Amino acid sequence: MGKAQKRTFKSRTNPLGTATVPGAATAVESKDDVPVLLKKLSSSDASDRVWAAASASNLLMSDDETVRRMLLSNNVISALVERLSDSVPDVVVQVSGALYNLAAVDHGAAVEISRRNIYGAIQSLIPRLATSIDGIIKNNEEGQRLGDDGRKMVLLTTDNMLSLLRVLCETVPAS
């Protein structure tokens, strides 16, 4: 008999994690930082919007309840929902991940997200995602035009949107 093979285990990915953005904020130093972050969500520079969405996601998931309350009291949910219609795919991935993460850990926030026209925003996003997914599956011009990074963005956004819808269905009472 031979030696038993040593089993190796691949570490599981964090189901509440989003794609990381280098330099994204993980803490705020003062209350004045929150409005700056929210202002960057509507910046004309795409990299600022990506950074702000990733930072909002990190801060909303932090253990610091005070920071989460500051963000929520400064209307971060409306700002994130508004950014779901952004033309930059990386912004949409970060925003959808932030909304999913928030809804998954805070049921009160999930109710608030559903009140902020999230369903209308998702409904406007679905045709874009469906066209891209169809192109990826059929490997037609649309799918080839996306490239590897574009495909990844489409699939990450779709995953975040479906996960967000599942969480909202599970936690928000029918109105």
Checklist outcome for this item: If we ask which residues in segment 118-175 are touching a Ser or Thr at 6+ places or on another chain (Cβ under 7 Å) and on the phi > 0 side of the Ramachandran plot, their number turns out to be 0
Checklist outcome for this item: Inside segment 91-134, the number of residues satisfying the requirement of being among the polar types (S, T, N, Q), in a helix (DSSP H, G or I) and either in contact (Cβ under 8 Å) with a residue 24 or more places away in the chain or more than 25 Å from ASP148 (Cβ to Cβ) (or both) is 6
Checklist entry - Among all residue pairs at least 6 apart or on different chains, which show Cβ distances below 7 Å where the first residue, located in segment 146-157, is free of Cβ contacts under 8 Å to residues at least 24 places away in the same chain and the second is open to solvent by less than 60 Å² (accessible area, probe 1.4 Å)? => result LEU146/SER132; LEU146/GLY135; LEU146/ILE136; LEU146/VAL154; ARG151/ILE136
Checklist entry - Can you find a residue in segment 101-108 that is aliphatic (A, V, I, L, M), closer than 18 Å to GLU82 by Cβ and open to solvent by less than 50 Å² (accessible area, probe 1.4 Å)? => result yes
Next on the checklist: Just the residues that are open to solvent by less than 30 Å² (accessible area, probe 1.4 Å) and closer than 24 Å to LEU80 by Cβ, please, taken from segment 125-136.
Outcome noted: LEU125, LEU129, SER132
Checklist entry - Restricting to segment 137-175, what's the tally of residues that are within 19 Å of LEU102 (Cα to Cα) and either part of a helix (DSSP H, G or I) or open to solvent by 50 Å² or more (accessible area, probe 1.4 Å) (or both)? => result 17
Checklist entry - Does ALA79 satisfy being under 15 Å from ALA54 (Cβ atoms), touching a residue at least 24 places away in the same chain (Cβ under 8 Å) and assigned to a helix (DSSP H, G or I)? => result yes
Next on the checklist: List the residue pairs whose Cβ atoms are under 6 Å apart, where the first residue sits in segment 33-57 and is closer than 15 Å to ILE77 by Cα and open to solvent by 30 Å² or more (accessible area, probe 1.4 Å), the second is at pLDDT 90 or above and not small (Gly, Ala, Ser), and the two are 6 or more positions apart or on different chains.
Outcome noted: LYS40/ASP48
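The values are calculated or read from the model by the stated rules, or taken from the named source; none is laboratory data. All values derive from a computational prediction rather than experimental measurement. Note that we place each Cβ from the backbone using ideal geometry, even for glycine, and neighbour counts take in every protein chain shown. Side chains included, ligands, DNA and RNA excluded: accessible areas come from the protein's heavy atoms. Shrake-Rupley method; radii C 1.70, N 1.55, O 1.52, S 1.80 Å.
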